[in-house]
Amino acid sequence: MVSERPAAVAAALDAATLATEVLAQAGVRAEAFRVIAIENLLKGRDASAVMWRVTFKLAAVIPAGREGKVGKGGEHVVEVDTERRSGRLV
């Protein structure tokens, strides 16, 4: 059964997809990373419902199961504007 995504999920997925494109444009192999956090920036200087911060971590340092520890480093943070369809590494 196919169900429609709730708007909140669709907005976060759109932000993550755009952030992946920003990584690729910066020469980063996005497929080597996993999304570990998506935050809608609703407070602070650039507060807006269309501003998002997406954090990626190198998949190789994340254990496949519950056992093991997550390795240090290997993170990229991307801020995107889903209205303007733009973003930047921070």
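Test ALA15 against the criterion of being open to solvent by less than 70 Å² (accessible area, probe 1.4 Å), part of a helix (DSSP H, G or I) and not acidic (Asp, Glu), and give yes or no.
Yes: the conditions hold for ALA15.
Only one of these is free of Cβ contacts under 8 Å to residues at least 24 places away in the same chain and surrounded by 10 or more Cβ atoms within 10 Å (Cβ to Cβ): VAL28, VAL70, VAL77. Name it. That would be VAL70, the only listed residue that is free of Cβ contacts under 8 Å to residues at least 24 places away in the same chain and surrounded by 10 or more Cβ atoms within 10 Å (Cβ to Cβ).
Which condition number does VAL70 fail, the rest of (1) among the aliphatic types (A, V, I, L, M); (2) modelled with pLDDT of 95 or more; (3) in a loop (DSSP other than H, G, I, E, B) being met? Only one criterion is unmet by VAL70, namely (2). Screening ARG85 with (1) surrounded by fewer than 17 Cβ atoms within 10 Å (Cβ to Cβ); (2) touching a strand residue (DSSP E or B) at 6+ places or on another chain (Cβ under 9 Å) gives one miss only, at (2). A count restricted to segment 37-60 and to residues that are farther than 20 Å from ALA24 by Cβ and either open to solvent by 70 Å² or more (accessible area, probe 1.4 Å) or outside any strand (DSSP E or B) (or both) stands at 11.
The values are calculated or read from the model by the stated rules, or taken from the named source; none is laboratory data. Predicted model only: the values in this text are computed from it and were never measured. So basically every Cβ, Gly included, is an ideal-geometry build from the backbone, and we count neighbours across all protein chains shown. Side chains are part of the model used for accessible areas, which takes the heavy atoms of the whole protein and leaves out ligands, DNA and RNA. Shrake-Rupley method; radii C 1.70, N 1.55, O 1.52, S 1.80 Å.
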